[in-house]
Ligand code: MV4
């Protein structure tokens, strides 16, 4: 096992990785920007190195500075967390070339899944159902029109280099398609420096369900069931739950098995997430994430497994600590993402935290790097806390959320706590009758 790990991240996920390391007897190195000199991840780590000024491109994305920090501190491995360099294949490669272990999948697998056209082809060939669409990129408009007529309108034009919703265009007929393809291509070129686009049948009211897998370097693969992440706004998840209230055990077991077989077939090793759209009882793969995700705690709650610890064990060449037959779903879990934002306009609300009180009690977990007196900087993602509740049933989780959101105090800035209080009081939330557009309709309705 590693003696020392460098954590190439900030905020709650840097703390989360630090905590896993400490429990494993691993020393930690924090890196930070000048804006984060007083951040909790720097305070908790055994050592810390300043890697540059506030803008992420000059600090948390500054590869030479991060490698230097790993060198001077004698770290053996680098955990990227989520965001920043976590899905950057060339970073993973450079880390390895410098003699450090990248705690994540191989650069080859990151690149494979980073290209959404390749990901779909590889995952489909490995036996996973995908959204019907073009087999590969679309390069001319007549071909686009033929493919679209074949799959049926409406169709969605997507960017191969995209993901997370950027560079998508819906076309309801051929006229729209002939406009959408070049428009999507230009947007994709500007945003991702890759103008490749592909077509998919547009699903109108799906849920977003994702399957968590863990795979080691010895060919062992397990799935940790699924999460329902349909409640999002502007492609930012707001609330996630596990298991999905819409699946039965047979559907769950079947999709989990399909994902494990595919992951084994492609030789992937680390934590990973296969994202699906789910509509009318059918799963359609769209993308695979090759990192630890923000919402991993709901999976940890229902499985009783430390997912971050598993990523570290896998990178060190160890075997998964569990077999599929050891895993069972224990109850239900829900995570609320609490952002430093106005709960109605979603305008960012950085600033000094004047009061900080986290809820506790049975089945309550808070992952946050906040403390009273801390100043939330304006330069980074607005996520400041995650409230995760675990209970025997979904109903118990909702009761526990109502109780714990009421206890939580984050003074000095605006947060999305009131949005969560409103959301969990909705009858459609109680009955889990939501799709990926439901939350946007709810918040639009309030003006
Ligand atoms: C889709 C879709 C409908 N049909 N693909 C958006 C983010 C990117 N990861 C994929 N996305 C979508 N792909 C087809 N064929 C609708 C979305 C989508 C969405 C997906 C998941 C969660 C929230 C979403 C919000 C809007 C659109």
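Can you tell me which residue in region 422-435 is nearest to the ligand (Cβ to nearest atom), limited to those that are buried (at least 19 other Cβ atoms within 10 Å of the Cβ) and outside any helix (DSSP H, G or I)?
435
Just one of (1) without any contact (Cβ under 8 Å) to a residue 24 or more places away in the chain; (2) surrounded by 16 or more Cβ atoms within 10 Å (Cβ to Cβ) trips up residue 326, so point out which.
Of the numbered conditions (1) without any contact (Cβ under 8 Å) to a residue 24 or more places away in the chain; (2) surrounded by 16 or more Cβ atoms within 10 Å (Cβ to Cβ), the odd one out for residue 326 is (2).
Can you find even one residue in region 270-278 that is within 13 Å of the ligand (Cβ to nearest atom) and not in a strand (DSSP E or B)?
no
State which residue is nearest to the chain's Cα centre (by Cα) when the search covers only region 436-447 and only residues that are more than 22 Å from residue 386 (Cα to Cα) and more than 13 Å from the ligand (Cβ to nearest atom).
Out of the qualifying residues, it is 444.
I'd like the residue in region 155-183 that is within 8 Å of the ligand (Cβ to nearest atom) and assigned to a loop (DSSP other than H, G, I, E, B) and, out of all such residues, is modelled with the highest pLDDT.
168
Restricting to region 205-220, give me the number of residues that are more than 15 Å from residue 295 (Cα to Cα) and either assigned to a loop (DSSP other than H, G, I, E, B) or within 16 Å of the ligand (Cβ to nearest atom) (or both).
Counting residues in region 205-220 that are more than 15 Å from residue 295 (Cα to Cα) and either assigned to a loop (DSSP other than H, G, I, E, B) or within 16 Å of the ligand (Cβ to nearest atom) (or both) gives 8.
Among the residues of region 134-144, count how many are closer than 13 Å to residue 176 by Cα and either within 16 Å of the ligand (Cβ to nearest atom) or surrounded by 19 or more Cβ atoms within 10 Å (Cβ to Cβ) (or both).
1
Is it true that residue 312 is at pLDDT 95 or above, crowded, with 17+ Cβ neighbours inside 10 Å and within 30 Å of residue 201 (Cα to Cα)?
No, not satisfied.
Examine region 110-130 for a residue that is within 30 Å of residue 60 (Cβ to Cβ) and outside any helix (DSSP H, G or I), and state whether such a residue exists.
Yes.
Which of the residues belonging to region 244-261 are away from the ligand (no atom under 16 Å from the Cβ) and within 28 Å of residue 17 (Cα to Cα)?
Across region 244-261, the qualifying residues are 256, 259, 260.
For a quick check of your reading of the model, give me the residue pairs whose first member lies in region 70-99 and is surrounded by fewer than 16 Cβ atoms within 10 Å (Cβ to Cβ), whose second is at pLDDT below 95, with beta-carbon atoms closer than 8 Å and at least 6 apart or on different chains.
none
So, of the residues in region 230-243 that are surrounded by fewer than 21 Cβ atoms within 10 Å (Cβ to Cβ) and part of a loop (DSSP other than H, G, I, E, B), which turns out to be farthest from the ligand (Cβ to nearest atom)?
The qualifying residue farthest from the ligand (Cβ to nearest atom) is 234.
Would you check which residues across region 10-31 are touching a residue at least 24 places away in the same chain (Cβ under 8 Å) and either over 22 Å from the mean Cα position of the chain (by Cα) or part of a loop (DSSP other than H, G, I, E, B) (or both) and list them?
10, 23, 24, 25, 26, 27, 28, 29
Could you please let me know if residue 186 is more than 16 Å from the ligand (Cβ to nearest atom), outside the structural domain of residue 419 (by TED's automatic domain parsing) and either out of contact with any strand residue (DSSP E or B) (no Cβ under 6 Å at 6 or more places or on another chain) or closer than 20 Å to residue 320 by Cβ (or both)?
Against the criterion (more than 16 Å from the ligand (Cβ to nearest atom), outside the structural domain of residue 419 (by TED's automatic domain parsing) and either out of contact with any strand residue (DSSP E or B) (no Cβ under 6 Å at 6 or more places or on another chain) or closer than 20 Å to residue 320 by Cβ (or both)), residue 186 qualifies.
Is it the case, given these coordinates, that residue 223 is more than 16 Å from the ligand (Cβ to nearest atom), touching a residue at least 24 places away in the same chain (Cβ under 8 Å), surrounded by fewer than 19 Cβ atoms within 10 Å (Cβ to Cβ) and more than 30 Å from residue 173 (Cβ to Cβ)?
Considered against the rule, which asks whether it is more than 16 Å from the ligand (Cβ to nearest atom), touching a residue at least 24 places away in the same chain (Cβ under 8 Å), surrounded by fewer than 19 Cβ atoms within 10 Å (Cβ to Cβ) and more than 30 Å from residue 173 (Cβ to Cβ), residue 223 comes out as no.
What number of residues within region 268-279 satisfy the criterion of being under 13 Å from residue 213 (Cα atoms) and over 17 Å from the mean Cα position of the chain (by Cα)?
Final tally of qualifying residues: 2.
Taking the residues in region 32-58 that are free of Cβ contacts under 8 Å to residues at least 24 places away in the same chain and within 20 Å of residue 366 (Cβ to Cβ) as candidates, determine which candidate is surrounded by the most Cβ atoms within 10 Å (Cβ to Cβ).
42
The values are calculated or read from the model by the stated rules, or taken from the named source; none is laboratory data. A quick note: this is a predicted structure, and the numbers were derived from the prediction, not measured. Here Cβ is always computed from backbone atoms with ideal geometry, including for glycine, and neighbour counts include all displayed protein chains.
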